[in-house]
Each structure stands twice: as C-alpha cells, then as structure tokens.
Amino acid sequence: MRTFRDFMESALYDPERGFYSTRAQSADFYTAPELHPAFGAVLADRLAALLRREAAAAPGAGLTLVEAGCGDGTLAAQVARRLRERHADAAAGLRFALVERSRRDLTTAARRLTAFGLRVEAATSLDSLPRFRGALYSNELIDALPVHLLEKRAGEVREVYVDAENRTAAGPLSRPELEDAAAALRDTLEEGERHAVSLEARAWIAGAAARLESGFLVTVDYGKRFPSGAPNPPRAYRRHAQETDLTSRPGERDLTASVDFEVLIAAGAAAGLALESYQSLSRWLLDGGIQTWLGPDAGDDLALYKDRAQIKTLLHPEGMGEAFKVLVQRKAAA
Ligand SMILES: C[S@@+](CC[C@H](N)C(=O)[O-])C[C@H]1O[C@@H](n2cnc3c(N)ncnc32)[C@H](O)[C@@H]1O
C-alpha cells in the first residue's frame, strides 16, 4: 500500500506513463494561456511593472524572470512576446528562466523562447537555479502538486492509501505534519468527506522564497483561502469532464486539488514573503486592462465572437474568473 500522495505523484509524473509525461495540450483541460493570449499579455504587463519596481529598489542589479511549471512554454512565449513588444525597458538585460519537471516539455518551451532575443535558462527544478532578484510566476503549478488525502471514517480522520489494484483504504497518518490538519477536520468533516493536504505547496513556497533574493512571487491558480476544517476533495479530469473515481487508470487522467491560498500566505509569511495582493482572476485581469482586448463591436465577424467568448471565460464568475485567484507576495532586499 502507498499513500494517495505517492500514488498521485506517480500517476502524474511517472516518466513513461505519467499524465504530465504524455499530456496532449488542451486534451483534458484548458489552462488560461491555452484559452487566450490576452492572459499572458496582461500577466506580462503586470510583471513588467513589478520588475520596474524591483529595478528601482536595487538599481544596477541584473534581474531574472522565472516561470515555474511552464509546461510546453505557451504562457512563457506570450509573456516574452508582450515584453518585447511593449516593455523593452523592463526586458533589457532580463534573464528568463524556465523551470519544468517534464524534460519533454522543458525542451519544447526552451526552444520556443529562443525566438524572443532573451537570455534563456532551463531547469527541471527550482533548486538548481542560482538565487536571483526579480520575479517568479506560475500558473496552475500548485494545483498539480501531489497531495496527502485525509478522509473521515467511523468518526476518525484517517489517511487514504492505494493498493496494487488501485483500490483505496483508510490507514494511519503517514506524516506528523498531517496531525494539525486532521485535528482541525475531526469535528467539521462529514462521514466519508475528504480533504487534500498539500505539504508540497508549503515546501514549494519556502523553496521559492529561499531562491528569491528579493522581488515578487506571483501565483495564479484555482482555489481560495479555505476556512480551517473545510473539506477540499481532489478531482480527476479526462477530456474536459470531471470523473468521480480518482484511482483507476492512473496516468490517463489529470488529478488535481484546489489550492488553499491561506496556506500559501502563511507559509510565505514564515519564509519572509509579505502579502502584496490577493485577488480573483477576473478582478486582477480587469485591473490589468484586459477590457482593451474585447475591442469594438464585432458586427458579423464570427471569429471575433469566438475570440471574445474565450476572454469572457477568463473573466466570467462561473468560468475561471472567480474560481481562480492571483496571489502576489514580495520579498524585500535583506
Ligand atoms: C497544469 S500544468 C500548467 C502548465 C502551464 N503553466 C500552463 O499554464 O499552461 C502544471 C505543470 O507544472 C509542472 N510541474 C509540476 N510540479 C513541478 C515542479 N515541482 N517543478 C516544476 N514543474 C512542475 C508539470 O509538469 C506541468 O507541466
């Protein structure tokens, strides 16, 4: 038997059969940059503003922009294009680093970025990058980190394990770090309800804070600030539909859990990251001027209607607009 966390790790990242080792872009879900390039353009505008702030705080220091969990580089290419077109001052001398666990995707992403005249570095883990000043952003990285799964059975909060036939069973907590979450859930979970605990997300924030000498961490993902003890069951997606069973046919489906931004904010504070802002994706995009992408009346141009519907999905409260959040944290120079 292995923990659900170890099962999820191998279902997503097994080098041969893992979901992310074999994923065909957009086949099972769309990420924001896959939906519309306006997302990457607004992100680039906002990153350029943050990089200017960092440059003003530390004149003369070389800055680095890092995308973590960059997949095949779709978003990085949107950001790089916009930096080149609109933010030549912020892009001058900028080092662009890509971090992606899948070597296949990392190679594709690095190749795509060479077209933009930036100094590009590629790494399979954040730990292998030198410490840097600047900004680190990610989109839908944290929701793709494997989670420990807790479940209430016979009045007790137990951990979920998966056997060799991919059947689940409840067992003892595998790590002492899960005890606080289990205690908080004891009186709030209903029988059979589940809650994903991402120890990896905490470690990720601490690791990112350690690599960042000074600057900004921008995290875009779906989730919310969960109240203590609220259930947060993970989900499986295949071909744009949610499936109830999490463990059959490992590698064929995405497994994911909503991000608890409360945890990211607390783990960040413990690692020296101050909370700069926390907004819904729609508010953050509107503040960043995405309206300009909607343009004038589309008349009878059907392609334009499709284009705008995709932007509206980014903004719509029942699309991504409210489900996704944007967290900006700042590390001041020592
Ligand atoms: C849901 S995809 C998002 C891809 C891309 N950011 C986008 O918006 O389209 C998550 C990506 O994070 C990568 N990933 C997961 N854990 C990682 C880690 N610890 N370091 C770097 N990349 C990671 C996965 O391989 C996958 O490509």
Open item on the list: At 1.306 mPa s and 10 °C, plugging the Kirkwood radius over alpha-carbon pairs of region 1-92 into Stokes-Einstein gives what diffusion coefficient in µm²/s?
Closed with: 102
Task: Residue of S258, S128, S198 that the Gaussian network model of the chain assigns the largest fluctuation, springs spanning Cα pairs under 10 Å - done: S128
Task: Apportionment of accessible area to carbon and sulfur, region 104-161, percent (1.4 Å) - done: 47
Task: Geometric extent, Cα atoms of region 7-152 - Rg, Dmax (angstrom) - done: 16.0, 55
Task: Amide H within-cut-off set for V259, under 5 Å, with H built and near neighbours excluded - done: Y222, G223, K224
Open item on the list: Using the crude model of +1 on Lys and Arg Cβ and -1 on Asp and Glu Cβ, and no other charge, please compute the dipole size for region 281-334 relative to its Cα centre, in debye to 20.
Closed with: 480
Task: Rotationally averaged projected area of region 50-119 (alpha carbon convex hull; nm²) - done: 4.5
TODO: For region 82-98, take each phi angle, set θ = phi - 60°, evaluate the Karplus expression 6.51 cos²θ - 1.76 cosθ + 1.60, and give the result in whole Hz per residue in order, putting x for glycine and proline.
DONE: 5, 4, 5, 6, 10, 9, 4, 5, 6, 7, 4, x, 6, 9, 10, 10, 10
TODO: Could you list the square roots of 5 times each eigenvalue of the Cα gyration tensor of region 227-282, that is, the equivalent ellipsoid semi-axes, sorted largest first and rounded to whole Å?
DONE: 30, 13, 11
TODO: Return the Cα extents of the chain along principal axes one, two and three, sorted largest first, each rounded to a whole Å.
DONE: 60, 56, 37
Task: Of all accessible heavy-atom area on region 210-334, the percent that carbon and sulfur account for (1.4 Å) - done: 55
Task: Charge context of R211, other residues only, Cβ under 14 angstrom, K/R +1, D/E -1 - done: 0
Open item on the list: With equal scatterers on the alpha carbons only and no solvent term, can you work out the Debye log10 of I(q)/I(0) for region 150-262 at 0.14, 0.17, 0.24 1/Å?
Closed with: -0.69, -0.97, -1.42
- [ ] Among E16, E151, E54, determine the one that fluctuates most according to a GNM of the chain built with springs between C-alpha atoms less than 10 Å apart.
- [x] E16
Open item on the list: Can you compute the charge dipole magnitude of region 48-145 about its Cα centre, using +1 on each Lys and Arg Cβ and -1 on each Asp and Glu Cβ, nothing else charged? Give it in debye, rounded to the nearest 20.
Closed with: 320
Open item on the list: What is the sum of charges, Lys and Arg at +1 and Asp and Glu at -1, for the other residues whose Cβ falls under 15 Å from the Cβ of R52?
Closed with: +2
Open item on the list: Among A164, L199, A115, whose Cα projects farthest towards the positive end of the dipole of region 84-231, with charges put on the beta-carbon of Lys, Arg (+1) and Asp, Glu (-1)?
Closed with: A115
TODO: Give the peptides 181-193, 309-321 in descending order of average Cβ contacts within 10 Å, highest first.
DONE: 309-321, 181-193
Task: Amide proton proximity set for E243, modelled H, under 5 Å, gap of 5+ - done: A236, Y237, R238
Open item on the list: Placing +1 on the Cβ of each Lys and Arg and -1 on the Cβ of each Asp and Glu in the chain, which of P37, P234, T247 has its Cα farthest towards the positive end of the resulting dipole?
Closed with: P37
Open item on the list: Can you list residues from other chains, or at least 5 along the same chain, whose modelled amide H is less than 5 Å from the amide H of A97?
Closed with: L65, V66, E67, E121
Task: Size of charge dipole - the chain - debye, nearest 20, with Cβ of Lys, Arg +1 and Asp, Glu -1, no other charges - done: 1040
TODO: Express the accessible area of the chain per residue in Å², computed with a 1.4 Å probe while the remaining protein chains stay in the model.
DONE: 44
Task: Inter-centroid distance (Cα atoms) of region 208-284 relative to region 44-116, Å - done: 22
Open item on the list: If I model region 80-191 as equal point scatterers sitting on the Cα atoms and use the Debye formula, what is log10 I(q)/I(0) at q = 0.23 Å⁻¹?
Closed with: -1.31
TODO: Output ³J(HN,Hα) for region 133-145: one whole-Hz value per residue in order, computed from phi by the Karplus curve 6.51 cos²θ - 1.76 cosθ + 1.60 with θ = phi - 60°, and x for Gly and Pro.
DONE: 9, x, 8, 10, 10, 8, 10, 6, 8, 5, 6, 9, 8
Task: Total lysine pairs under 26 Å (Cα atoms) in the chain, excluding pairs fewer than 8 apart on one chain - done: 6
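The values are calculated or read from the model by the stated rules, or taken from the named source; none is laboratory data. What you are looking at is a predicted structure, and each value in this text was computed from that prediction instead of being measured. When we count neighbours, we look across all protein chains shown, and the Cβ atoms used for this are built from the backbone with ideal geometry, even at glycine. Just so you know, the surface numbers come from the protein's heavy atoms only, side chains and all, with ligands and any DNA or RNA stripped out. Shrake-Rupley method; radii C 1.70, N 1.55, O 1.52, S 1.80 Å.
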